[in-house]
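The values are calculated or read from the model by the stated rules, or taken from the named source; none is laboratory data. As the structure is a prediction and not an experimental result, all values here were calculated from the model. In this analysis, Cβ positions are derived from the backbone assuming ideal geometry, glycine residues included, and neighbour counts consider all displayed protein chains. Ligands, DNA and RNA are excluded from the accessible area calculation, which covers all protein heavy atoms including side chains. Shrake-Rupley method; radii C 1.70, N 1.55, O 1.52, S 1.80 Å.
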Amino acid sequence: MTEILLEPKVYIVGAGPGDPELITVKGRRILRAADLVLYADSLVSEDLIAQAKAGAKVLQSSGMDLEHQIAVMAEAVQAGRSVARVHTGDPAMYGAILEQISLLKLLGIGCEIVPGVSSVFAAAAAVGAELTVPELTQTVILTRAGGRTPVPERERLRELAAHHCTVALFLSASLAGQAAAEFLAAGWSPDTPVAVVERATWPDQRIVRTTVSGLEGDLKAAGITRQAMILAGWALDPGLSDRDAHRSKLYDQAFTHGYREGTERP
Ligand code: SAH
């Protein structure tokens, strides 16, 4: 195999939701070739991190504050080494990467972001759901309930949920009661389906299917307080796949589009 040369810079890599096979081919190549690997321990699989090359320096980020992380990454890059900064899921969602990018930029250090499979999509896969069901909803809102980190007033869940689309809640398992109250305030019916996936794609993954009214109690009963994705809305109705009621235009016999002549002209 030809040797893979990385540039002396910081590669911000999405590791995927947990399963070590859910990193991208590019992300894995960078992880295997980097001189320094700094990763979000407990959220990124040790099996994945074990693939770092022999001699690579491997550090866990959980015990380090931002300045400390920047210092070790900057030191490596300034010495001509490559850095893989490995984040859970996709780095663009609640990855706290902006603060890293800006501080590195001030030091003249370049970053490249390699996307990953976000837990929102791993959770949808785990429950076998399409989040954008034709004629039901064509929109997914990715958000969180406001906890210690405030959410801007104009993004209150009750305002967002007024669209009656699919809503994916990150970082909200311990705020489920509050989230359910917001859905009800937005006019959602108490029996709107909710699917919660704890530790999606990990060996100990758990799925709780519930409703808006059952959400808080069912999560409490299951003891789920963290590392869970809450997917809410009628797209999560487990009965949808038994009904064949929502067909897309894309594969509709009658529908003509750029790649296929349908039986009906537009
Ligand atoms: N960047 C990550 C999100 C980081 S914020 C991503 O794209 O997935 C952490 C939150 O993400 C958790 O509170 C939880 O809501 C969700 N999360 C991360 N990994 C998860 C997993 N394997 N299963 C379910 N939810 C997960």
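Please go through region 205-222 and give me each residue that is outside any helix (DSSP H, G or I) and open to solvent by less than 50 Å² (accessible area, probe 1.4 Å), ordered by number. Residues satisfying the conditions are 208, 210, 211, 212, 214.
Rundown of residues vs (1) more than 20 Å from residue 138 (Cα to Cα); (2) of a type outside the set (Phe, Trp, Tyr); (3) touching an Asp or Glu at 6+ places or on another chain (Cβ under 6 Å), yes/no style:
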| residue | (1), (2), (3) |
| --- | --- |
| 206 | yes, yes, yes |
| 216 | yes, yes, no |
| 226 | yes, yes, no |
| 230 | no, yes, no |
| 235 | no, yes, no |
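You will find that of 137, 166, the residue that is more than 14 Å from the chain's Cα centre (by Cα), more than 16 Å from the ligand (Cβ to nearest atom) and on the phi < 0 side of the Ramachandran plot is 137 and no other. Filtered by the rule that a residue be in contact (Cβ under 8 Å) with a residue 24 or more places away in the chain, away from the ligand (no atom under 14 Å from the Cβ) and not hydroxyl-bearing (Ser, Thr, Tyr), region 175-200 gives 177, 178, 180, 182, 183, 184, 185, 186, 187, 188, 193.
Residues in region 75-116 that are not in a helix (DSSP H, G or I) and not aromatic (Phe, Trp, Tyr): 28 in all.
Restricting region 22-43 to residues that are more than 15 Å from the ligand (Cβ to nearest atom) and in a loop (DSSP other than H, G, I, E, B) leaves a set whose member that is farthest from the chain's Cα centre (by Cα) is 35. A count restricted to region 87-120 and to residues that are within 11 Å of the ligand (Cβ to nearest atom) and of a type in the set (A, V, I, L, M, F, W, C) stands at 6. Among the residues of region 156-176, what is the count of those that are surrounded by 15 or more Cβ atoms within 10 Å (Cβ to Cβ) and acidic (Asp, Glu)? Number of matching residues: 0. Inspect region 44-55 for any residue being open to solvent by less than 60 Å² (accessible area, probe 1.4 Å), among the aliphatic types (A, V, I, L, M) and more than 14 Å from the ligand (Cβ to nearest atom) and give the result as yes or no. Yes, some residue in region 44-55 is open to solvent by less than 60 Å² (accessible area, probe 1.4 Å), among the aliphatic types (A, V, I, L, M) and more than 14 Å from the ligand (Cβ to nearest atom). When 225, 192 are checked against the criterion of being in contact with a helix residue (DSSP H, G or I) (Cβ under 6 Å, 6 or more places away or on another chain) and of a type in the set (Val, Ile, Thr), 225 stands alone in meeting it. Looking only at residues of region 144-163 that are within 16 Å of the ligand (Cβ to nearest atom) and in contact with a helix residue (DSSP H, G or I) (Cβ under 6 Å, 6 or more places away or on another chain), we find that the one that is farthest from residue 191 (Cα to Cα) is 147.
Among the residues making up region 181-199, those that are open to solvent by 10 Å² or more (accessible area, probe 1.4 Å) and among the aliphatic types (A, V, I, L, M) are 181, 184, 185, 186.
Among the residues of region 117-155, those identified as among the hydrophobic types (A, V, I, L, M, F, W, C), touching a residue at least 60 places away in the same chain (Cβ under 8 Å) and open to solvent by less than 60 Å² (accessible area, probe 1.4 Å) are 117, 120, 122, 123, 124, 126, 127, 129, 131, 133.
Filter region 1-21 down to the residues that are surrounded by 22 or more Cβ atoms within 10 Å (Cβ to Cβ) and within 15 Å of the ligand (Cβ to nearest atom), then identify the one that is farthest from the chain's Cα centre (by Cα). So, considering only residues that are surrounded by 22 or more Cβ atoms within 10 Å (Cβ to Cβ) and within 15 Å of the ligand (Cβ to nearest atom), the one farthest from the chain's Cα centre (by Cα) is 12.
Residue pairs whose Cβ atoms lie under 7 Å apart, sitting 6 or more positions apart in sequence or on different chains, and linking a residue in region 156-174 that is part of a strand (DSSP E or B) to a partner that is within 13 Å of the ligand (Cβ to nearest atom) and of a type in the set (Lys, Arg), are 169/144; 170/144.
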